[in-house]
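Here is the structure we will look at.
The values are calculated or read from the model by the stated rules, or taken from the named source; none is laboratory data. Quick caveat, the model's predicted, so the values are computed rather than measured. So basically every Cβ, Gly included, is an ideal-geometry build from the backbone, and we count neighbours across all protein chains shown. The area values use the complete protein model at the heavy-atom level, side chains included, leaving out ligands, DNA and RNA. Shrake-Rupley method; radii C 1.70, N 1.55, O 1.52, S 1.80 Å.
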Amino acid sequence: MGENMHGGGDMIDSFGRRISYVRLSVTDRCDLRCRYCMAERMVFLPKSEILTIEELIALADIFIARGVNRIRLTGGEPLVRRGIMELVRALGERIGHGLEEITLTTNGTQLEKTAAALQSAGVRRVNVSLDTRNPERFRFITRLGDLGQVLRGIAAARDAGLQVKINMVGLKGLNEDELEDMLLWCDREGHDLTLIETMPLGEVEEDRTDHYLPLDAVRGRLEQRFRLKPSFRRTGGPARYFEVEGLCARLGLITPMTRNFCEGCNRIRVAATGTVYGCLGHDQKVELRDLLRAGGPELVDRALDELLAGKPKGHDFRIAAAAPAVQRHMSVTGG
Ligand code: SAM
Ligand code: SF4
């Protein structure tokens, strides 16, 4: 694809990486308060600072015109955003017209109500975060969550024909004894499983080093029980996948701390305010909201070019560092 109608062209950064994947956060709000993600008393943004559904659609169209073929909706919790289905339906109409796929990362609390509508709007895959299948632990980690509600949501998604991938953040002393069991449960239920290392994003009450679980060690432990075969499968994200002998469930590992995944980075992240970040671990950004409101696509294109020119080579996360790598929480830019 060459120049688009605004003259923007494909998005290629200064390291030659082509940006084909956008993570679009549709809200900073959430109905849960996972301990590693948010502070207990998070202050959320006023509505006026958040892109409207129409602006989110207009922005998605600019990205699609510039070669983006995958959009993942995230948050905060995307399914608590008012008007979310309107956005999903609009993006669904673009599948086959530049867009290959829309996906969603969700905590699953609203899936029971929304799974069928997501499927009919064109969503085929969802990532659902589930760090434990123990109700008390679930309540402790999420501070507010009801495990049963999420499990019903996951079942509804599968029954609606959505492919479900479970995202589990590995937490030392909190869920590390459940990893094998979670893999076997995923296998029984027909889901894949991705394990994620905690990343130092935003201040939370806890010291993340207390629960940091390096996944390379976890892999060693899983290999004592399962035969893992590296898979060539890519889903556009940063996970490395493994086939597990004897199981249908695939295992993904997202190891930003123990193994940097930046080399093949194909994505940028949009906060619900229209701030676009070149990297999860840096503050490099451009602000698109006011440009969208005042100027339209040409100005947005120019700002995106500026973002690409300065997109960092990679992050520099260190779990033991005194302060988070960046001040914004994961809930600002989504997972
Ligand atoms: N609310 C949705 C959810 O929980 O799936 C979407 C947004 S949430 C920020 C996306 C993913 O980021 C979740 O899988 C969550 O577990 C993960 N996450 C949040 N904070 C994190 C952190 N500091 N380090 C690693 N993963 C984190
Ligand atoms: Fe909410 Fe997701 Fe963060 Fe948990 S991880 S607090 S569900 S945004």
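What the table below lists for this structure:
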{"read-out": "Any hit, region 110-127, residues being touching a helix residue (DSSP H, G or I) at 6+ places or on another chain (Cβ under 8 Å), basic (Lys, Arg), modelled with pLDDT of 95 or more and not in a helix (DSSP H, G or I)", "value": "no"}
{"read-out": "Region 66-83, residues that are in contact (Cβ under 8 Å) with a residue 60 or more places away in the chain, touching a strand residue (DSSP E or B) at 6+ places or on another chain (Cβ under 6 Å) and away from ligand 1 (no atom under 14 Å from the Cβ)", "value": "Arg70"}
{"read-out": "Number of the exception - Thr142 against (1) of a type outside the set (A, V, I, L, M); (2) within 21 Å of Ile95 (Cβ to Cβ); (3) surrounded by 17 or more Cβ atoms within 10 Å (Cβ to Cβ)", "value": "(2)"}
{"read-out": "Residue satisfying condition, being open to solvent by 50 Å² or more (accessible area, probe 1.4 Å) and modelled with pLDDT of 95 or more, within set Glu55, Glu100", "value": "Glu100"}
{"read-out": "Any pair with Cβ under 9 angstrom, 6 or more apart, that starts in region 184-207 at a residue that is basic (Lys, Arg) and ends at one that is outside any loop (DSSP other than H, G, I, E, B) and more than 8 Å from ligand 1 (Cβ to nearest atom)", "value": "none"}
{"read-out": "Every residue from region 208-234 that is within 24 Å of the chain's Cα centre (by Cα), open to solvent by 20 Å² or more (accessible area, probe 1.4 Å) and in contact (Cβ under 8 Å) with a residue 12 or more places away in the chain", "value": "Arg208, Thr209, Asp210, His211, Tyr212, Pro214, Asp216, Arg219, Pro230, Ser231, Arg233"}
{"read-out": "Set Phe138, Phe63: member being part of a helix (DSSP H, G or I) and touching a strand residue (DSSP E or B) at 6+ places or on another chain (Cβ under 7 Å)", "value": "Phe63"}
